[in-house]
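Here is the structure we will look at, set down as structure tokens.
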Amino acid sequence: MNKYKKLFEPIKIGNVEIPNRYSMAPMVPVGFVTEQGAFNDVGIEYYVERARGGTGLIITGICNVENEIEPLAQPSIPCVTRNPFHFVQKGTVLTERVHAYGSKIFLQLTAGVGRSGIPAFLVGATVAPSPQENRWDGTIKHRELATEEVETYIEKFAMSAAIAQKAGFDGVEIHAVHEGYLLDQFAISFYNKRTDKFGGSLENRLRFATEIVKGIKKLCGEDFPVSLRYSLKSMMKGLRQGALPGEDFVEAGRDLEEGIEAAKLLVEAGYDALNVDVGTYDSWYWNHPPMYFEDGMYREFGKIVKEVVDVPVIIAGRMDNPDIALSSLENGEADIIGLGRPLLADAFLPLKVKKGEIEDIRPCLSCHLGCMGRVASSAGISCAVNPACGREGTYGITPIVTKKKVLVIGGGLAGLEFARVSAIRGHEVELHEMTDKLGGNIIPGGVPAFKKDDYALIRWFEKAVKDAGVKVVMNSAITEEKVKAGNYDTVATATGSNPIEIKVKGSEGLEHKIITADKVLLDENKAGKEVLIVGAGLVGCETALWLAQKGRKVTIVEGEDDILGGPHNLAFANYDMLKDLLKLNGVEVKLETKLAGVNEKGGIVNSKGKDEEIKADTVIMAVGYKSEKSLYEKLRMEVGEIYLLGDARNVKNIMYAIWDAYEIARSI
């Protein structure tokens, strides 16, 4: 008997039966919209793929109920009322196809973004419950919504729900008294300074949300389920200041006591389920948890809500481990398990759990590169480890016409993906790795406990290439002569990159004090008690956090004016949380500061022309990586079809190493 049987028991939301306990968490559907505001064919395939993969309840990403009071750039997200006839047409196709797999589907409806709106999406007037500045750009001012405009929103929600019902959706989810979006801004006194019926007391601040569900029930009937995306607690210390797990702080937003009372009031008003998390845009990493969080980080909050309401509670938050999901059901922390990014990485996760194929689940890295990182730049949502995500109908793996003998040089992620896809398509593939381990630079990078999913990805690739029939040869240093003698049709050089080492003034005789970050990650004992890290990129900052958590005294010096290349160089939730974690763990960061030399006592750094000595047993260099493509340069005119992949082509990140390899391998 499958140990995860309870995950596949049915459950009802209102009168609608969900076939199992897995739900697709709502994620913004950027890239999935027609010019008339409905889901396009790409979006339909995206949701249907998750139904095909065994998810019991699909909850779509946000759909606007109007686009005039708070206009957003179009087409960005669907707008139900823009062209109702068209929305019903496309929506019917979506719901019919999802229902064919036995899954249910709810349409998520939003009041809008308010002060949380990403500037690229905002056009025309910007609104909020009360006058305030934009979360991301303080120069953008949001005006106060008129009472009549709020009432118009309420009417549009009911109208949108009726349109969804006509299109065959099984219910709707209201977005949101959650994450600091417009409805949440009304609910929280920190943002809401109104004096009309939508401001003041908790009941008044919740009136917007409670009138919405009452209006929907009146128009669509009491049996039409309405779920609510709900953040129990704001986890914010102040404007643009989040609080870390375990941190002692005074709640500036919705505290736990008010959150419990609000949950009761919202269910009393008519909501049939609560989709629970914590956080706001001022503590954004709580709503979009990076790898620095523990798995299942909303479980305690789900339990609190379940103890005070009598409707199903959904929780997500790094719940892809089926053992954690199962224990959450058994311990009264949730009734339904939400999966967001894990279903981007592997749409068939639920089915694989049911079949006991746990090792075949492609892991989510919580990196945000392909999902929120792309959304923030106005690109379509996808996944760093699954290039076909968001384009399932057009970008899959197809069988070959002509079989080729393929050589892959290098067993990092780019080489592994190229080998996997090539072999699945039907080519004869050999992969040669010069060391005794697969994974390349992910091997040192995945050492910290918070990077455990990197190692899970390596394990997944090891099994995937084996299952695909790739011949993997370890401890095999490929030479120019071996390539020529092998008579290969196609050669992929994925030889990776090496840490940059720079000559440091005064280092003669002190070479033992200077080491690159990868060597320390592979052997913690090579770092002394006091450490100076040169470079505040991702490797430098994560190494610093790891060592600080191990009890080292750590200082980082960085020549630029911010760490990690600034808030727009990395997915913001990851940037913001890592920055806060460094501070909480006592890591001193010196910006606009460069290493000038070393001596017996430590490092000499220079900031604005002034030298300073920093005591350090070890100076760790984390100043970047340099492509290793010498073999490619020797072969590129000797081999007709040859490709340069991953770091060997361009030192960037995991996503583009995998994506570029997939792109080429699916077409050779």
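What's the angle, to the nearest 10 degrees (0 to 90), between helix 654-665's Cα axis and the longest principal axis of the chain?
Computed tilt is about 80 degrees.
First measure r as the distance between the Cβ atoms of E638 and K404, then evaluate 1/(1 + (r/R0)^6) with R0 = 22 Å and state the FRET efficiency to the nearest 0.05. Can you show the working numbers first?
On the way: r = 17 Å, r/R0 = 0.78.
Result of the calculation: an efficiency of 0.80.
What is the distance, in nm, between label points placed 7 Å from the Cα along the Cα-to-Cβ direction at R240 and at Y395?
Going from the R240 label point to the Y395 one covers 3.3 nm.
Give me the 1.4 Å probe accessible area per residue for the chain, excluding ligands and nucleic acids, in Å².
39 Å²
Give me, ordered by chain and number, the residues 5 or more places off E173 or on other chains with an amide H under 5 Å from its own placed amide H.
Long-range HN contacts for E173: L107, Q108, L109, S227.
Once you have the Cα-Cα distance between N487 and E257, take 0.36 nm times their residue separation minus that, and quote the gain in nm to one decimal.
Working: separation 230, 0.36 × 230 = 82.80 nm, distance 7.09 nm.
Using 0.36 nm per residue and subtracting the Cα-Cα distance, I get 75.7 nm.
Using θ = phi - 60° and the Karplus curve 6.51 cos²θ - 1.76 cosθ + 1.60, what whole-Hz ³J(HN,Hα) does each residue of the range 580-587 get, with Gly and Pro shown as x?
My calculation for the range 580-587 gives 5, 5, 4, 5, 4, 8, x, 7 Hz in order.
Multiplying the sequence separation of E428 and N650 by 0.36 nm and subtracting their Cα-Cα distance, what value in nm do you get?
Value of the extension gain: 77.2 nm.
For a test of understanding, tell me how many lysine pairs in the range 1-147 have Cα atoms under 24 Å apart, given they are 8 or more places apart or on different chains.
For the range 1-147, the number of qualifying lysine pairs is 5.
Would you please classify the overall shape of the chain from the alpha carbon gyration tensor, given that a ≥ b ≥ c denote the square roots of the eigenvalues, rounded means a/c under 1.5, and beyond that prolate means a/b larger than b/c while oblate covers the rest?
Oblate is the answer for the chain, as a/c is 1.5 or above yet b/c matches or exceeds a/b.
Taking only Cα atoms of the range 87-241, what ratio of Rg to Rh do you get with Rh as the Kirkwood inverse-distance radius? Don't jump to the answer; show the numbers that get you there.
Numbers: Rg = 16.6 Å, Rh = 16.5 Å.
Expressed as Rg/Rh, it is 1.01.
Does a label point 7 Å from the Cα of K218, set along Cα-to-beta-carbon, have any residues of the range 149-175 with amide nitrogen under 17 Å, and which are they?
Under cut-off, by backbone N: 149-163.
On a straight-distance basis, which lysines could pair with K529 in a cross-link, Cα separation under 17 angstrom, same-chain partners fewer than 8 positions away excluded?
Output for K529: K513, K519, K550, K553, K601, K615.
Rank L265, N569, L228 by how far each Cα sits towards the positive end of the charge dipole of the chain (+1 on Lys, Arg Cβ; -1 on Asp, Glu Cβ) and give me just the farthest.
N569
For L431, what residues show an amide H to amide H distance below 5 Å, using hydrogens built from the backbone and excluding near sequence neighbours?
V408, K471, V472, V473
Can you tell me the orientation of helix 452-468 relative to the chain, as the angle in degrees between its alpha-carbon axis and the longest Cα principal axis, to the nearest 10?
80 degrees
Past 23 Å, Cα to Cα, is the threshold; run K579/K652; K156/K303; K355/K463; K233/K306; K264/K354 against it and keep the listed order.
In this structure, K156/K303; K264/K354 lie more than 23 Å apart at Cα.
In the chain, what cysteines have no partner Cβ closer than 4.7 Å?
C63, C79, C220, C364, C367, C371, C541
At a 10 angstrom cut-off on C-beta neighbours, averaged per residue, how do the peptides 364-372, 425-433 rank from highest to lowest?
Going by the mean number of other Cβ atoms within 10 Å, highest first, we get 364-372, 425-433.
Would you work out which of F198, A120, W659 lies farthest towards the positive end of the dipole of the chain? Charges go on Cβ: Lys and Arg +1, Asp and Glu -1.
W659
Just the number, please: carbon plus sulfur as a percent of the accessible area of the chain, 1.4 Å probe, no ligands or DNA/RNA counted.
Ligands and nucleic acids excluded, carbon and sulfur give 49 percent.
Out of Y292, F418, V598, whose Cα points farthest toward the positive end of the dipole of the chain (charges: +1 Lys, Arg; -1 Asp, Glu; placed on Cβ)?
F418
When a/c is below 1.5 the answer is rounded, else prolate if a/b is larger than b/c, else oblate, so apply that to the range 237-329 with a ≥ b ≥ c taken from the square roots of the Cα gyration tensor eigenvalues.
oblate
How would you classify the range 585-668 from its alpha-carbon gyration tensor, with a ≥ b ≥ c the square roots of the eigenvalues: rounded for a/c under 1.5, else prolate if a/b is greater than b/c, otherwise oblate?
The shape class here is prolate.
The values are calculated or read from the model by the stated rules, or taken from the named source; none is laboratory data. Just so it is clear, the structure is predicted and the values come from calculations on it, not from any experiment. Reconstructed Cβ throughout: ideal geometry from the backbone, glycine too, with neighbour counts over all protein chains shown. Side chains included, ligands, DNA and RNA excluded: accessible areas come from the protein's heavy atoms. Shrake-Rupley method; radii C 1.70, N 1.55, O 1.52, S 1.80 Å.
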